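**Student:** Structure below; questions to follow.
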Amino acid sequence: MSINEDSLPIKRRTLLKAVGFTTAAGALLRPFNALGLMRSPVTTNALRPPGAVSEKLFPSKCIRCGRCVEVCPYKCIKPLDIHQGIFAGTPVIHVVDVPCYLCMKCVEVCPTGTLIPIAQEETKMGLAVIDKHACKSWNEELALCRTCYNVCPFKDKAIKLDALRPVVMEKYCTGCGLCVHGCPVTQKNGKKAINVEPIYAFGTSRGMTENE
Ligand code: SF4
Ligand code: SF4
Ligand code: SF4
């Protein structure tokens, strides 16, 4: 049943409006950190396309032309919506939904150098991190899941097998997310048993989950 505000006493109406205002303001303010700066939307499994400049520069260099979004043959790049404030319109890849197949077409069309040309194997969108508590192979004695290993475009380089269990090699992992997309384990928090952390975007291990 909807509330007819006009039938309410003025104080109640004012309160409802105030609640509406604070709820809307809350929704807008949540993405801010303690310093009042908007948090980057780049986080676990939410990554910039290949060759991206650092997150510090990205929102000012990207002109939101949408060329990378349009050219991606896999439709993995999505522009961020208006709720993302200064990051609205900038491109992000949610690798759980659709990973990056490293075709490098988006890099070729970026007119501002926000995506810098880079060799496929040198791409560093992030680093895949295995959650050994959640991974079937690490956790279940008879589990033979090696999906991440099988789907990795740099199999035996970026992911190797250690006694039939997957291990990520940081030097060769591109952060493409094919392993994340293929992993059959989804945890309660929405993460997979292997996740890509955008550690290079910030120059720190922000958002890094356990691995050891
Ligand atoms: S490299 Fe290819 S698959 Fe990856 S985001 Fe760019 S256009 Fe899409
Ligand atoms: S380990 Fe995962 S993220 Fe890294 S290159 Fe292989 S499939 Fe891509
Ligand atoms: S795909 Fe997932 S569950 Fe399977 S071995 Fe890789 S991380 Fe473990």
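The values are calculated or read from the model by the stated rules, or taken from the named source; none is laboratory data. Please read these numbers as outputs of a predicted model, since none were measured by experiment. Here the Cβ is made from the backbone with ideal geometry for all residues, glycine too, and neighbour counts use every protein chain on show.
**Student:** Quick one: in region 135-153, which of the residues that are away from ligand 2 (no atom under 14 Å from the Cβ) and surrounded by fewer than 19 Cβ atoms within 10 Å (Cβ to Cβ) is farthest from residue 202 (Cα to Cα)?
**Tutor:** 142
**Student:** Just the residues that are among the hydrophobic types (A, V, I, L, M, F, W, C), closer than 16 Å to residue 53 by Cβ and out of contact with any Lys or Arg (no Cβ under 9 Å at 6 or more places or on another chain), please, taken from region 105-124.
**Tutor:** 107, 116
**Student:** Please enumerate the residues belonging to region 72-104 that are surrounded by fewer than 17 Cβ atoms within 10 Å (Cβ to Cβ) and within 6 Å of ligand 1 (Cβ to nearest atom).
**Tutor:** Answer for region 72-104, where residues must be surrounded by fewer than 17 Cβ atoms within 10 Å (Cβ to Cβ) and within 6 Å of ligand 1 (Cβ to nearest atom): 74, 101, 103.
**Student:** Which of (1) in contact with a helix residue (DSSP H, G or I) (Cβ under 6 Å, 6 or more places away or on another chain); (2) near ligand 1 (Cβ under 9 Å from one of its atoms) does residue 55 not meet, given it meets every other one?
**Tutor:** Condition (2) is where residue 55 drops out.
**Student:** Give just the number: which of (1) more than 23 Å from residue 69 (Cα to Cα); (2) of a type in the set (A, V, I, L, M, F, W, C); (3) surrounded by fewer than 13 Cβ atoms within 10 Å (Cβ to Cβ) does residue 183 not satisfy?
**Tutor:** Status for residue 183: all satisfied but (3).
**Student:** Being surrounded by fewer than 22 Cβ atoms within 10 Å (Cβ to Cβ) and at pLDDT 50 or above is the filter; apply it to region 198-208 and report the residue that is farthest from ligand 3 (Cβ to nearest atom). Walk me through it before giving the result.
**Tutor:** Here is the first cut: in region 198-208, the residues surrounded by fewer than 22 Cβ atoms within 10 Å (Cβ to Cβ) are 199-200, 202-208.
In the following step, the residues that additionally are at pLDDT 50 or above were identified as 199-200, 202-203.
Values: 199: 18, 200: 21, 202: 24, 203: 26 Å.
Going through the qualifying residues, I end up with 203.
**Student:** Something else about it: Where the second residue is within 16 Å of ligand 3 (Cβ to nearest atom) and part of a loop (DSSP other than H, G, I, E, B) and the first is in the same structural domain as residue 53 (by TED's automatic domain parsing) and hydrophobic (A, V, I, L, M, F, W, C) and lies in region 101-112, which pairs have Cβ atoms under 8 Å and are six or more apart or on separate chains?
**Tutor:** Pairs found: 102/153; 102/176.
**Student:** If you check residue 73 against the conditions, is it in contact with a strand residue (DSSP E or B) (Cβ under 7 Å, 6 or more places away or on another chain), assigned by TED's automatic domain parsing to the domain that holds residue 153 and modelled with pLDDT of 95 or more? Working first, answer last.
**Tutor:** Details: in contact with a strand residue (DSSP E or B) (Cβ under 7 Å, 6 or more places away or on another chain): no; assigned by TED's automatic domain parsing to the domain that holds residue 153: yes; modelled with pLDDT of 95 or more: yes.
Taking the combined requirement at face value, the residue does not satisfy it.
**Student:** For region 46-59, check the following and say yes or no: at least one residue is surrounded by fewer than 19 Cβ atoms within 10 Å (Cβ to Cβ), at pLDDT 95 or above, at positive phi and not polar (S, T, N, Q).
**Tutor:** No, every residue in region 46-59 fails to be surrounded by fewer than 19 Cβ atoms within 10 Å (Cβ to Cβ), at pLDDT 95 or above, at positive phi and not polar (S, T, N, Q).
**Student:** Continuing with this model, one more query. Quick test of your reading of the structure: residue 187 fulfils all but one of (1) farther than 14 Å from residue 44 by Cα; (2) modelled with pLDDT of 95 or more. Name the failing condition by number.
**Tutor:** Result: residue 187 passes all but (1).
**Student:** Another question, if that's okay. State which residue is farthest from ligand 1 (Cβ to nearest atom) when the search covers only region 105-120 and only residues that are of a type in the set (A, V, I, L, M, F, W, C) and buried (at least 17 other Cβ atoms within 10 Å of the Cβ). Break it down stepwise before answering.
**Tutor:** First, pick out the residues of region 105-120 that are of a type in the set (A, V, I, L, M, F, W, C): 106-107, 109-110, 115-116, 118-119.
Within this subset, residues satisfying the condition of being buried (at least 17 other Cβ atoms within 10 Å of the Cβ) are 106-107, 110, 115.
Numbers: 106: 3, 107: 7, 110: 10, 115: 8 Å.
If we take residues in region 105-120 being of a type in the set (A, V, I, L, M, F, W, C) and buried (at least 17 other Cβ atoms within 10 Å of the Cβ), then 110 is farthest from ligand 1 (Cβ to nearest atom).
**Student:** Considering only helices (runs of 4 or more DSSP H) fully contained in region 121-191, which possess at least 1 residues that are out of contact with any helix residue (DSSP H, G or I) (no Cβ under 6 Å at 6 or more places or on another chain) and within 16 Å of ligand 1 (Cβ to nearest atom)?
**Tutor:** On the way: elements: 136-139, 147-151, 178-182.
Correct list: 178-182.
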